[in-house]
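The values are calculated or read from the model by the stated rules, or taken from the named source; none is laboratory data. Given the structure is predicted, the values throughout are model-derived calculations rather than measurements. Every residue, glycine among them, receives a Cβ derived from its backbone with ideal geometry; neighbour counts consider all protein chains shown.
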Ligand SMILES: Nc1ncnc2c1ncn2[C@@H]1O[C@H](COP(=O)(O)OP(=O)(O)O)[C@@H](O)[C@H]1O
Ligand SMILES: [Mg+2]
């Protein structure tokens, strides 16, 4: 590391999360995240995509220490060079909800229905400046609401959560993160509950904020179309692991992992490039993290699987051969976890 290559804002290394869960009367060991590594540069947007249950939420909730006490977490999460795993609640306070803001799929659920927005903003602004007065907080809140695209912010501060639409609540959630001057925003399926037009507006807003405020964003969705729209880099997860990771254009136009290809073939926008007739749903059931197979978690659903795929999990490795050279030249690597990598079996 030298002065010309500052440390990434976030570096996650070999993150593993498991839960002891009760299923009926049986206890099971759920391996939700099985060795996830990634880094996030300042001012950039990382998209995480994968079907439900792939470990997207658990791996990102581990970052600001949001997992329940029942979670067994190991590995490393470094924020601006500082290890966050193992910090006390007191030490974590500087990060969770402050440097690291979060918005979720159901924006309404994080609010007290009996608290109006003026009071929500006042409370939030007082986290960083206990001396802030009501009038000053209201002016600041209105400015933040304007910045996040909610007009008449001053009047709307009198309103309660149920008086806002889902899209408006998502804008308010973003404004609250900005109120704390967050540097990293983790957006976990923030548009999944919204209709398509509003989805696009929220994505546009996040893109603008990245530019105007230089914030870094982790954008999580099961929808690869949406993730490709907003992200600089995409990480494809399945079975608690990273299956493929590359710059967005490489994932969208030249996906390599059979799982990524399946996600794309099943997507409304990209799917039509691959199959003119119809979208191709991914066959089979999502892998059960309580019963992990020894091999690649996608192998049971993969049309290209060979015997060795069921035997051991392949390493996450740079794309080999001619494709890899052309994709990764100069930029961050195109990584893939697949036994077909390097086997000359891409065609
Ligand atoms: N608190 C928990 N206890 C037990 N299992 C959990 C818990 N939270 C998540 N899981 C399991 O971990 C796996 C990954 O979950 P999650 O990260 O939420 O997936 P995604 O966000 O990709 O849909 C799932 O199988 C889920 O059921
Ligand atoms: Mg999730």
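Can you find, within region 40-52, the residue that is surrounded by the most Cβ atoms within 10 Å (Cβ to Cβ) among those that are more than 12 Å from the chain's Cα centre (by Cα) and more than 12 Å from ligand 2 (Cβ to nearest atom)? By that ranking, first place goes to 44. Every condition in (1) within 23 Å of residue 49 (Cβ to Cβ); (2) over 25 Å from the mean Cα position of the chain (by Cα) is met by residue 230 except one, and the failing one is (2).
Filtering region 149-161 to residues that are farther than 18 Å from residue 122 by Cα and either surrounded by 15 or more Cβ atoms within 10 Å (Cβ to Cβ) or at pLDDT 95 or above (or both) leaves only 149.
If you scan region 98-118, which residues turn out to be away from ligand 2 (no atom under 16 Å from the Cβ) and either within 19 Å of residue 184 (Cβ to Cβ) or assigned to a loop (DSSP other than H, G, I, E, B) (or both)?
Going through region 98-118, the residues away from ligand 2 (no atom under 16 Å from the Cβ) turn out to be 98-101, 108, 111-118.
Hits for region 98-118 are 98, 99, 100, 101, 111, 112, 113, 114, 115, 116.
Residues in region 57-74 that are outside any loop (DSSP other than H, G, I, E, B), over 16 Å from residue 217 (Cα atoms) and either within 15 Å of ligand 1 (Cβ to nearest atom) or touching a helix residue (DSSP H, G or I) at 6+ places or on another chain (Cβ under 7 Å) (or both): 58, 71, 72, 73.
Here is the figure for region 214-236: residues that are more than 21 Å from residue 9 (Cα to Cα) and within 16 Å of ligand 2 (Cβ to nearest atom) total 5.
Within region 75-97, the set of residues being loosely packed, with under 14 Cβ neighbours inside 10 Å and not in a loop (DSSP other than H, G, I, E, B) comprises 82, 83, 89, 90, 91.
Would you mind stating whether residue 25 is surrounded by 17 or more Cβ atoms within 10 Å (Cβ to Cβ) and either away from ligand 2 (no atom under 16 Å from the Cβ) or in contact (Cβ under 8 Å) with a residue 60 or more places away in the chain (or both)? Lay out the reasoning, then the answer.
Values: surrounded by 17 or more Cβ atoms within 10 Å (Cβ to Cβ): no; either away from ligand 2 (no atom under 16 Å from the Cβ) or in contact (Cβ under 8 Å) with a residue 60 or more places away in the chain (or both): yes.
No.
Contact annotation: residue pairs with Cβ atoms under 8 Å, 6 or more positions apart or on different chains, pairing a residue in region 47-63 that is in contact (Cβ under 8 Å) with a residue 60 or more places away in the chain and more than 14 Å from residue 37 (Cα to Cα) with a partner that is in a helix (DSSP H, G or I) and near ligand 1 (Cβ under 8 Å from one of its atoms), are 49/56; 50/56. Checking residue 55 against (1) surrounded by fewer than 22 Cβ atoms within 10 Å (Cβ to Cβ); (2) within 12 Å of residue 240 (Cα to Cα); (3) within 16 Å of ligand 2 (Cβ to nearest atom), which test does it fail? Every condition holds for residue 55 apart from (1).
Considering only region 98-113, state which residues are more than 24 Å from residue 18 (Cβ to Cβ), surrounded by 18 or more Cβ atoms within 10 Å (Cβ to Cβ) and within 16 Å of ligand 1 (Cβ to nearest atom). Passing the criteria: only 103.
No other residue among 17, 12 is on the phi < 0 side of the Ramachandran plot, away from ligand 2 (no atom under 16 Å from the Cβ), touching a helix residue (DSSP H, G or I) at 6+ places or on another chain (Cβ under 8 Å) and part of a strand (DSSP E or B) apart from 12. Any residue in region 222-237 that is more than 15 Å from ligand 1 (Cβ to nearest atom), farther than 26 Å from residue 261 by Cα and touching a residue at least 40 places away in the same chain (Cβ under 8 Å)? Within region 222-237, none of the residues are more than 15 Å from ligand 1 (Cβ to nearest atom), farther than 26 Å from residue 261 by Cα and touching a residue at least 40 places away in the same chain (Cβ under 8 Å).
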